[in-house]
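Shown next, in structure tokens, is the structure this report addresses.
Just so you know, all these numbers are worked out from the coordinates, no wet-lab data involved. Keep in mind it's a predicted model, so treat the numbers as computed, not measured. Here the Cβ positions follow ideal geometry from the backbone for every residue, glycine too, while neighbour counts run over all protein chains shown.
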Amino acid sequence: MAAPRVVLLLSGKRKSGKDFVAEELRSRLGPDVCTILRLSGPLKEQYAKEHGLDFQRLLDASTYKETFRQDMIRWGEEKRRTDPGFFCRAAVEGALQPVWVVSDTRRLSDVEWFRDAYGDVVQTVRVVAAEETRKRRNWVFVTVGARGFGSRPRARGVRS
């Protein structure tokens, strides 16, 4: 695997447009230059294997995925506690293009892993959308436990 020349780590709230920005970058640069990496893909794939679930259905925005969301988050956090780079290593496996766009950076530990692994070529980008825009994209605020913020843990310390 060739080392990337640029690694863009996108972060942002749910329905803020991270995937749109990633796709737009790949479209403008071309798929031979730019690849989109998703940390949630390896997480969902491994979770599906270990729990006997349908991996493809965990990838879409379905009630099937929502049924398992909280347990998947808990399970992913346990995996990260034992090996912080587990999902990052899986996401970059086989990436050959010189520009990598990670469309779902949610944790400071992910940023730290990429910075440790790839150094100065790593840049963080925060994607922001107004709450009204996010609502038009079918986002609904859900309180999680005592944390008191949106529908899943956000990337603390991840700033553009």
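Values for this structure:
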| item | result |
| --- | --- |
| Additional length obtainable on full extension of the chain from E112 to D54, 0.36 nm per residue less Cα span | 17.8 nm |
| Three-way shape label, region 6-136, alpha-carbon gyration tensor, a/c 1.5 | oblate |
| For the chain, calculated [θ]222 nm from helices alone, where every DSSP H run of n ≥ 4 adds -39500 (n - 2.57) | -13500 deg cm²/dmol |
| Whole-Hz ³J(HN,Hα) from phi, Karplus 6.51 cos²θ - 1.76 cosθ + 1.60, for region 89-103, glycine and proline x | 4, 5, 5, 8, 4, x, 6, 10, 5, x, 10, 10, 10, 8, 7 |
| FRET efficiency estimate (nearest 0.05) - Cβ-Cβ, T67 to L96, R0 30 angstrom | 0.25 |
| Per-residue ³J(HN,Hα) for region 59-67, Karplus 6.51 cos²θ - 1.76 cosθ + 1.60, θ = phi - 60°, Hz, x for Gly and Pro | 7, 8, 8, 10, 5, 4, 4, 4, 4 |
| Positive-pole candidate from V33, T82, T67, dipole of the chain, charges at beta carbon | T67 |
| Filtered GluC sites (Glu not before Pro), region 1-108: DSSP coil and at most 14 other beta carbons within 10 Å | E93 |
| In sequence order, calculated HN-Hα J values of region 113-122 (Karplus, 6.51, -1.76, 1.60; Hz; x Gly/Pro) | 4, 5, 5, 5, 7, 10, x, 5, 7, 8 |
